[in-house]
Amino acid sequence: MYEEPILQVRNLHKQFGPGCVQCSSSSDRHLEKNYCPNCGTVYACQNLSFDLYPGEILGIVGESGSGKSTMMQCLYFDAEVTSGEAYIADGHETAYENVFELSSQQQRFIRNHKYGMVYQNPVHGLKMNFSSVGNIAEKLIAAGNRNVADMESTSKTLLESVHIPLFRMKEAPKNFSGGMQQRVQIAKALSNNPPILFLDEVTTGLDLSVQANVLDLIKKIQRELGISMIVVSHDLAVIRMLADRTIVMLNGRIIEEGLTDQILEDPQHAYTQQLVYSLL
């Protein structure tokens, strides 16, 4: 594997609520799952630390409510962290700064130039009444592009690469099927050539054949562009197909991590064993 991680996350912590005497101490928290019955605070992410390497697909798996999507929202600045650090190693002047402490303007720069995001629900990633080309152009404009011909050409190339017929490129995504909407979202997320792509439950709610097409597309993009990806899913079959390494989350904590094959063939934690055996 590569020596230098492209993204380092250290002690990412996100809680909803003030905490109390029973739950404030990280070493001695009395919780039911990730919830404090005394004060109602939810500990969505509890001191998560991991690295993402160049050209790697990192899978994050866990049941609903395990904190996977909250972690993704924090990394993409859709939600503020309670505490923690993250560093992007890319030679930019912010490379050695904790991105969670940057100004909103600097965070916007990272979102527009370094990150791509594909949400579980395309409504969060697309403007449903814009044309598909308009959606991609919006991301390109945010990244500083002003050349209309250039943007149209880039949009066409991207839509073709995700198998959207060009005769439909002026159509709004609200007219498209779920699978097509996800593919437009992927094209939009790739438009700024991001070194890091986040994929949050991208196949949930899609028919099996459509799921397979979307997963094939993600694999192909990763092979051709060498993008680093974090893929969040509750579905181990998706993780098995995509991820080089896998992190297993439960109740806001990382309970197991390792090479995907190793985790699927020799799970150590009882919860992971249960997950793997339910897939067999």
**Message:** Just to check your reading of the model, which residue among 255, 230, 239, 221 is touching a helix residue (DSSP H, G or I) at 6+ places or on another chain (Cβ under 9 Å) and surrounded by fewer than 18 Cβ atoms within 10 Å (Cβ to Cβ)?
**Reply:** 255
**Request:** Could you list, in sequence order, all residues of the stretch 13-49 that are basic (Lys, Arg) and either modelled with pLDDT of 95 or more or within 20 Å of residue 73 (Cα to Cα) (or both)?
**Result:** 14
**Output for the stretch 179-216, where each listed residue is under 21 Å from residue 241 (Cα atoms) and more than 16 Å from the chain's Cα centre (by Cα)** = 179, 180, 205, 206, 207, 208, 209, 210, 211, 212, 213, 216
**Message:** Can you confirm whether residue 239 is touching a residue at least 60 places away in the same chain (Cβ under 8 Å) and within 30 Å of residue 15 (Cβ to Cβ)?
**Reply:** yes
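Quick grid of which residues meet (1) free of Cβ contacts under 8 Å to residues at least 12 places away in the same chain; (2) buried (at least 17 other Cβ atoms within 10 Å of the Cβ); (3) within 21 Å of the chain's Cα centre (by Cα):
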position: 121; (1), (2), (3): yes, no, yes
position: 132; (1), (2), (3): no, yes, no
position: 135; (1), (2), (3): no, yes, yes
position: 140; (1), (2), (3): no, yes, yes
position: 143; (1), (2), (3): no, no, yes
position: 148; (1), (2), (3): yes, no, no
position: 169; (1), (2), (3): no, yes, no
**Prompt:** In the stretch 104-152, how many residues are assigned to a helix (DSSP H, G or I), out of contact with any strand residue (DSSP E or B) (no Cβ under 8 Å at 6 or more places or on another chain) and among the aliphatic types (A, V, I, L, M)?
**Reply:** 10
**Unique residue being within 28 Å of residue 207 (Cβ to Cβ), in a strand (DSSP E or B) and out of contact with any Pro (no Cβ under 9 Å at 6 or more places or on another chain) when the list is 241, 249** = 249
**Asked** Is it true that some residue in the stretch 23-31 is outside any strand (DSSP E or B), among the hydroxyl-bearing types (Ser, Thr, Tyr) and under 15 Å from the mean Cα position of the chain (by Cα)?
**Response** no
**Prompt:** Going by the conditions given, is residue 187 surrounded by fewer than 19 Cβ atoms within 10 Å (Cβ to Cβ) and closer than 13 Å to residue 131 by Cβ?
**Reply:** no
**Message:** Exactly one condition in (1) surrounded by 15 or more Cβ atoms within 10 Å (Cβ to Cβ); (2) modelled with pLDDT under 95 is false for residue 126; which is it?
**Reply:** (2)
**Message:** Kindly evaluate residue 172 against the criterion of being over 24 Å from residue 77 (Cβ atoms) and out of contact with any Cys (no Cβ under 8 Å at 6 or more places or on another chain).
**Reply:** yes
**Request:** Could you give me the residue pairs with C-beta distances under 9 Å whose first residue belongs to the stretch 266-279 and is acidic (Asp, Glu), whose second residue is surrounded by 11 or more Cβ atoms within 10 Å (Cβ to Cβ) wherever it lies, and which are 6+ apart or on separate chains?
**Result:** 266/258
**Message:** With touching a residue at least 12 places away in the same chain (Cβ under 8 Å), surrounded by fewer than 19 Cβ atoms within 10 Å (Cβ to Cβ) and aromatic (Phe, Trp, Tyr) as the only criterion, which of 115, 87, 53, 96 stands out?
**Reply:** 53
**Message:** For the stretch 249-274, give me the residue count where each residue is under 21 Å from the mean Cα position of the chain (by Cα) and over 21 Å from residue 56 (Cβ atoms).
**Reply:** 4
**Complete:** Residue count, the stretch 269-280, condition within 26 Å of residue 32 (Cα to Cα) and exposed (fewer than 13 other Cβ atoms within 10 Å of the Cβ), comes to 4
**Request:** Mind counting the residues in the stretch 189-235 that are of a type in the set (Gly, Ala, Ser) and in a strand (DSSP E or B)?
**Result:** 2
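The values are calculated or read from the model by the stated rules, or taken from the named source; none is laboratory data. This structure is a prediction, so every number in the text was calculated from the model and none was measured. Don't worry about glycine lacking a Cβ; one is built from the backbone with ideal geometry, like all the others, and counts go over all protein chains shown.
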